[in-house]
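Asks: Have a look at this one.
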Amino acid sequence: MPLAVAVDGANRNDFKLARETIENIVVQRPKPTRCEPQNLCLDKGYDYDEVRDIAEEFRFTAHIRLRGEDAKAIKKSARHRARRWVVERTHSWMNRFRRILIRWEKRPDTYVAMIHLACALITWKACGLLG
């Protein structure tokens, strides 16, 4: 389920929005402990020291797919399949909403409102409340 939204141009690297996205998390996080750490799973687009520092600052245990790791695994075993990360799956769900896929809104606040509505519908459906 989507937990946070940060909107910027398509030409901006994902890792530059890591801090804003973490700060925009709408649910209250449980306090991370040694026995129950808070995990942050990211794809190889976030494989930067800056992101690791941000994860540490917010007391997350970062699980970042390293650049080239999939290629090495495929070379090692032909049966290896690339993993589809949760973020990519959520983007796929959001692409089902035409109004988000093609940005028709001229004002950024209405576009963000449509993204929040899409996230609410995705969450509602994931909870089994929407058929």
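Asks: Which numbered condition trips up Lys72, out of (1) more than 30 Å from Lys106 (Cα to Cα); (2) in a loop (DSSP other than H, G, I, E, B); (3) among the basic types (Lys, Arg)?
Replies: Checking Lys72 against (1) more than 30 Å from Lys106 (Cα to Cα); (2) in a loop (DSSP other than H, G, I, E, B); (3) among the basic types (Lys, Arg), the one that fails is (2).
Asks: Now for a separate question. Kindly check whether there is at least one residue in the range 22-31 that is at pLDDT 85 or above, open to solvent by less than 40 Å² (accessible area, probe 1.4 Å) and over 26 Å from Ala120 (Cα atoms).
Replies: Checked against the condition, which is being at pLDDT 85 or above, open to solvent by less than 40 Å² (accessible area, probe 1.4 Å) and over 26 Å from Ala120 (Cα atoms), the range 22-31 yields no hits at all.
Asks: When you scan the range 12-20, do you find a residue that is out of contact with any Gly (no Cβ under 9 Å at 6 or more places or on another chain), open to solvent by less than 40 Å² (accessible area, probe 1.4 Å), modelled with pLDDT of 85 or more and closer than 30 Å to Leu129 by Cβ, even just one?
Replies: Within the range 12-20, the first condition is being out of contact with any Gly (no Cβ under 9 Å at 6 or more places or on another chain), and the residues that meet it are 12, 16-20.
In the following step, the residues that additionally are open to solvent by less than 40 Å² (accessible area, probe 1.4 Å) were identified as 17-18.
Imposing the further condition that a residue be modelled with pLDDT of 85 or more reduces the set to 17-18.
If we keep only those that are closer than 30 Å to Leu129 by Cβ too, we end up with 17.
Looking through the range 12-20, at least one residue is out of contact with any Gly (no Cβ under 9 Å at 6 or more places or on another chain), open to solvent by less than 40 Å² (accessible area, probe 1.4 Å), modelled with pLDDT of 85 or more and closer than 30 Å to Leu129 by Cβ.
Asks: How many of the residues making up the range 16-62 are in a loop (DSSP other than H, G, I, E, B) and basic (Lys, Arg)? Quick ask: steps written out before the conclusion?
Replies: Within the range 16-62, the subset in a loop (DSSP other than H, G, I, E, B) is 24-37, 43, 47-48, 58-59.
Still in the running and basic (Lys, Arg): 29, 31, 34, 59.
Selection size over the range 16-62: 4.
Asks: Give me a count of the residues in the range 98-131 that are among the polar types (S, T, N, Q) and outside any helix (DSSP H, G or I). Quick ask: steps written out before the conclusion?
Replies: First, the residues of the range 98-131 that are among the polar types (S, T, N, Q): 110, 123.
Pick out the ones that are also outside any helix (DSSP H, G or I) and you get none.
Matching residues across the range 98-131 total 0.
The values are calculated or read from the model by the stated rules, or taken from the named source; none is laboratory data. Owing to the predicted nature of the structure, the values given are computational and were not obtained by experimental measurement. Cβ coordinates were reconstructed from backbone atoms using ideal geometry, including for glycine residues, and neighbour counts include every protein chain displayed. The accessibility values were calculated without ligands, DNA or RNA, using every heavy atom of the protein model including side chains. Shrake-Rupley method; radii C 1.70, N 1.55, O 1.52, S 1.80 Å.
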